[in-house]
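> Quick one: structure below, then a few questions.
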Amino acid sequence: MAIQQIFDDASSVMTVISFATFMGIVGWTYLLHKGSDFDAAARLPFADGADQGEEH
């Protein structure tokens, strides 16, 4: 019975840690991002090789 209580408590702790990590990632993405970085990343699929310094 005691081991079951330990696993139940560990499961609850991991749920809280996982939720806090998720909220941290969401906060970092939406609150601390630089719009110019995301705009540059969004244009990458349309860039030709000359912009990347690649030789053909």
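The values are calculated or read from the model by the stated rules, or taken from the named source; none is laboratory data. Treat the numbers as computed from the prediction; the structure is a model and nothing was measured. For the accessible areas, the whole protein counts, side chains as well, though only heavy atoms, and no ligand, DNA or RNA atoms are used. Shrake-Rupley method; radii C 1.70, N 1.55, O 1.52, S 1.80 Å.
> No solvent, one uniform scatterer per C-alpha: report log10 I(q)/I(0) for the stretch 2-48 via the Debye equation at q = 0.20, 0.28 1/Å, two decimals.
-0.74, -0.93
> Sticking with this one: When ligands, DNA and RNA are left out and all protein chains stay put, how many square angstrom of accessible area per residue does the stretch 2-48 have with a 1.4 Å probe? Spell out each step's value before the answer.
On the way: 4180 Å² over 47 residues.
Accessible area per residue: 89 Å².
> Taking 0.36 nm per residue of sequence separation and subtracting the Cα-Cα distance, how much length would be gained by fully extending the chain between K34 and S18, in nm to one decimal? Don't skip to the end; give the middle numbers.
On the way: separation 16, 0.36 × 16 = 5.76 nm, distance 2.52 nm.
Using 0.36 nm per residue and subtracting the Cα-Cα distance, I get 3.2 nm.
> Could I ask something else about it? When the Karplus curve 6.51 cos²θ - 1.76 cosθ + 1.60 is applied with θ = phi - 60°, which whole-Hz ³J(HN,Hα) does each residue of the stretch 30-42 get, with x for Gly and Pro?
Values, residue by residue: 8, 9, 10, 7, 9, x, 5, 5, 5, 5, 5, 5, 5 Hz.
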